[in-house]
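What follows is a short report on a single structure.
The values are calculated or read from the model by the stated rules, or taken from the named source; none is laboratory data. These numbers come from a predicted model, not from an experiment. When we count neighbours, we look across all protein chains shown, and the Cβ atoms used for this are built from the backbone with ideal geometry, even at glycine. Just the protein is used for accessible areas: all its heavy atoms, side chains included, with ligands, DNA and RNA removed. Shrake-Rupley method; radii C 1.70, N 1.55, O 1.52, S 1.80 Å.
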Amino acid sequence: MDELTLFTLALGLNKPWEVIDIKFSKDVGRLDLTIDFPRGSAFTCPACGAGNCPVHDTKDRQWRHLNFFQYETFIHSRVPRINCKQCGTKQIEVPWARPGSGFTLLFELLVLHFGREMSIAAVAELTQVRANRIWRILGHYVERARKKVDLSGFHILGIDEFSVRKGQDYMTAFSDIEASRVLYTAESRRKEVIGEFAQDLTSREYNPAVIDLVCCDMWDPYLNGLATHLPKANIIFDRFHIMKQMNEAVEEVRRAEQHHAKCLKKTRFLWLKNPANLTGQQAATLDELTKLDLKTAKAYQIKLALARFWEIRLPGEAKRYLQRWYFWATHSRLEPVIAVARAIKRYWQGVINYTLSRITNGVVEGLNSKIKTAMKRAYGFKELGYLRTIVYLVAGKLCFD
Ligand SMILES: [Zn+2]
């Protein structure tokens, strides 16, 4: 077997395509393969499928292919336009690349594989391809895979903001909570994003009215958008976010009090951590502190009481418990705690609705950590379109077959 035939086979080419020339330049570090077809070859019309269409003219093109060992490899070919009796002059598609791409399919698959495992800056470095071209490849395959996502069975929506550019801007992630995958991302956290998401679902032949539970933050723009676009869905406020606010309130009380109660200095995380995660020494210190007549200790007890609320599974019992908690919190004379209690009162039904769901912190935190991973992979790139692509790639559970 000669080397031309060998390369023809290695590239998986079928007649009439064959490798007709190989040029290897060791100095430049590259391999150039030329693919051609014999004179008189006929092709199938890409528009109507008619066979045996004669070549009208050709255009020289080049594609970047997988490296041959350490050598960058390029494929060259003249791509024919054919004459079809039905359709006229048509550009044919070559079997090794998709239309319009400057890379072979195998090269693009490699980029996609790397893009799921490492940062985009590293992919660009490794392949010696400019990052914006890497992003375009990823964008193409991600969008194609998103169109094929099976949305049947989706009915619990999670809405979460995430910060980009060091907290300067926010984007919104819409997730299928049960399947633990991000379905859509929007480039802000304004109320319009809910309508955008509903439209994206409709374009994928999914009826947004099927969504019956929405788990989100107490953020009015989302709530306003939901009232317009998903009016029938029950809203559930995310336990994770409410406890975060409660922890912030405890810390605010502690920070103010430590000026005259020195024993509170350097105890910040003792009050914030889950008691079960403290070491023996930390638990003992905390125990001593809670025996003192401190405002911080009182705020802490109120926090623990709120944490117990999430374990209640009966709506009637949950409501009675929260009412008692609310009374206690609002009579605590601790302003930051009262502010949290008032916020809960304002969104009362959504908080009680938590008992309806089996949404665990684990799923929500798992999605958040995938989004964080995605942001790390995109480090150095600020284009919101790129950030959307990388979130789908890392957290979308897409299938690229
Ligand atoms: Zn045709």
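Listed values, structure above:
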{"item": "Theoretical FRET efficiency, 1/(1+(r/R0)^6), r = Cβ-Cβ of Gln128 and Gln323, R0 45 Å, to 0.05", "result": "0.10"}
{"item": "Net lengthening on full extension, Arg136/Thr290 (0.36 nm per residue, minus Cα-Cα)", "result": "49.7 nm"}
{"item": "Dipole in debye (nearest 20) - the chain, about Cα centre, beta carbon charges: Lys, Arg +1; Asp, Glu -1", "result": "1200 debye"}
{"item": "Whole-number Å³ per residue for the convex hull built on Cα positions in the stretch 287-401", "result": "193 Å³"}
{"item": "Mean Cα-pair separation over length for the chain, i.e. relative contact order, pairs under 8 Å, 6 or more apart, %", "result": "12 percent"}
{"item": "Qualifying GluC sites (Glu not before Pro) for the stretch 94-139 [loop in DSSP, other Cβ within 10 Å: at most 11]", "result": "Glu117"}
{"item": "Antiparallel DSSP beta bridges within the stretch 15-128, percent to nearest 5", "result": "75 percent"}
{"item": "Rounded to whole Å, sorted largest first: equivalent-ellipsoid semi-axes of the stretch 1-113, Cα gyration tensor", "result": "27, 16, 12"}
{"item": "Additional length obtainable on full extension of the chain from Ala283 to Leu314, 0.36 nm per residue less Cα span", "result": "8.0 nm"}
{"item": "Solvent-accessible area per residue, Å², over the chain with all protein chains present [probe radius 1.4 Å]", "result": "54 Å²"}
{"item": "Size of charge dipole - the stretch 159-249 - debye, nearest 20, with Cβ of Lys, Arg +1 and Asp, Glu -1, no other charges", "result": "140 debye"}
{"item": "Spatially proximal lysines relative to Lys372 (Cα-Cα < 17 Å; intrachain offsets below 8 disregarded)", "result": "Lys166, Lys382, Lys397"}
{"item": "Amide hydrogen neighbours beyond the local backbone of Asn234, cut-off 5 Å, H modeled", "result": "Leu213, Val214"}
{"item": "Antiparallel %, DSSP beta bridges [both residues in the chain], to 5", "result": "75 percent"}
{"item": "Cα Rg over Rh - the chain, Kirkwood", "result": "1.15"}
{"item": "Loop sites in the stretch 88-184: trypsin sites (Lys or Arg not before Pro), DSSP, at most 15 other Cβ within 10 Å", "result": "Arg116, Arg130, Lys148, Arg165, Lys166"}
{"item": "Inter-label distance, nm, simple model (7 Å from Cα along the C-beta direction), Leu4/Asp36", "result": "0.8 nm"}
{"item": "Percent accessible area from carbon and sulfur atoms, the stretch 136-295, protein chains only, probe 1.4 Å", "result": "49 percent"}
{"item": "DSSP-loop GluC sites (Glu not before Pro) across the stretch 212-315, with at most 12 other Cβ within 10 angstrom", "result": "Glu311"}
{"item": "Model label zone, Lys382; criterion: amide N under 18 Å from point 7 Å along Cα-to-beta-carbon; scope the stretch 147-178", "result": "163-171"}
